[in-house]
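The values are calculated or read from the model by the stated rules, or taken from the named source; none is laboratory data. Quick caveat, the model's predicted, so the values are computed rather than measured. As a convention, Cβ positions derive from the backbone with ideal geometry for all residues, glycine included, and neighbour counts pool all protein chains shown.
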Amino acid sequence: MPNLAARLPHFLSTFPQPSVLPPGIEAQNPFVAPDVQALAQRFANKFYADDQPYGVRPRVALLGINPGRLGMGRTGVAFTDPVALSEICGIANDLPRGRPELSTQFVYRVVEALGGPAEFYQHFFLSSIYPLVLLNKGLNYNYYDAPALIKTLWPDLQRSLRQQVADFGLRRDVAVSLGKRNGEFLMKLNDELGLFDKIVVLDHPRYLMQYRRRDLEANVAKYVEILGSML
């Protein structure tokens with residue numbers, strides 16, 4: 001059976017667009033673009049192409065909300081902006097740098113504290129509950145920001161989780177929600193689907209960087225303690 005490196009880019013590039021969305025909301029699949037697909041594949045080949053047979057080393061899923069247009073929407077890698085992709089993950093790219101993504105900055109503080117990307121991605125799989133970019137009037141939007149959107153996307157949220165667990169050989173004993181509001185919906189989805197034994201909910205990296213930055217070291221340490229206990 002193909003390993004995660006072979007399956008992840010295919011999952012991202014072929015996930016279906018919703019047929020109907022509430023007025024003003026649009027969904028984009030950036031992973032159909034050849035340059036984004038290429039970066040996603042290079043990352044997967046470097047960090048998810050296990051030498052061991054598929055399924056021998058299941059990873060813990062760390063699940064965010066849905067990708068942003070300037071982070072994963074450009075790099076193809078969850079919670080990873082162009083600077084982190086190049087300077088920390090070692091995958092050169094010509095993408096515009098712009099302002100560093102707050103979520104990326106926090107996540108890679110945690111990654112470094114847990115041994116760096118090569119070690120971290122052996123044990124954890126960073127992803128999203130919903131894999132497509134959502135926009136409202138051109139700005140990032142969350143799948144849970146409107147009741148009508150939640151209702152419309154619910155079957156796709158279920159599909160996304162089922163497919164990731166089945167195709168990527170993820171651990172079933174525990175999964176991690178990045179974000180408390182996100183965690184509420186992940187728990188509801190899990191109640192319906194029965195995919196994970198336990199859901200651990202952490203504050204979202206962007207929230208911590210935007211509103212709790214003075215406690216950055218303590219917040220990173222909390223992440224490291226909780227994730228480290230899952231190794």
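Output the number of residues of the range 51-65 satisfying the condition of being small (Gly, Ala, Ser) and at pLDDT below 95.
1
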* Structure fact -> Apart from one, (1) closer than 30 Å to Glu217 by Cβ; (2) over 15 Å from the mean Cα position of the chain (by Cα); (3) surrounded by 15 or more Cβ atoms within 10 Å (Cβ to Cβ) all hold for Ala146; the odd one out is (1)
* Does Asp156 fit the bill of being of a type outside the set (Ser, Thr, Tyr) and within 18 Å of the chain's Cα centre (by Cα)? -> yes
* Structure fact -> Filtering strands (runs of 3 or more DSSP E) wholly in the range 128-231 for at least 3 residues that are touching a Leu at 6+ places or on another chain (Cβ under 7 Å) gives 175-178
* Every residue from the range 66-117 that is at positive phi and modelled with pLDDT of 95 or more -> Gly76, Phe79, Gly90, Gly115, Gly116
* To do: Would you mind stating whether Ala218 is modelled with pLDDT under 95, exposed (fewer than 15 other Cβ atoms within 10 Å of the Cβ) and more than 19 Å from Gly71 (Cβ to Cβ)?
  => no
* Condition met for Phe120 (under 21 Å from Thr80 (Cβ atoms), over 13 Å from the mean Cα position of the chain (by Cα) and surrounded by fewer than 23 Cβ atoms within 10 Å (Cβ to Cβ)) -> yes
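Condition first: in contact (Cβ under 8 Å) with a residue 12 or more places away in the chain and either under 12 Å from the mean Cα position of the chain (by Cα) or surrounded by fewer than 18 Cβ atoms within 10 Å (Cβ to Cβ) (or both). Now tell me which residues in the range 77-92 satisfy that. It would help to see each step written out before you state the result.
Of all residues in the range 77-92, those in contact (Cβ under 8 Å) with a residue 12 or more places away in the chain come to 77-85, 88-91.
Those that are in contact (Cβ under 8 Å) with a residue 12 or more places away in the chain and either under 12 Å from the mean Cα position of the chain (by Cα) or surrounded by fewer than 18 Cβ atoms within 10 Å (Cβ to Cβ) (or both): Val77, Ala78, Phe79, Thr80, Ile88, Gly90.
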* **Lys198 being at positive phi, in contact (Cβ under 8 Å) with a residue 24 or more places away in the chain and of a type in the set (D, E, K, R)** => no
* To do: Under 9 Å between Cβ atoms, at least 6 apart or on separate chains: pull out the pairs that start in the range 13-36 with a residue that is without any contact (Cβ under 8 Å) to a residue 24 or more places away in the chain and over 20 Å from Asp145 (Cβ atoms) and end on any residue that is outside any loop (DSSP other than H, G, I, E, B) and of a type in the set (Lys, Arg).
  => Asp35/Arg74
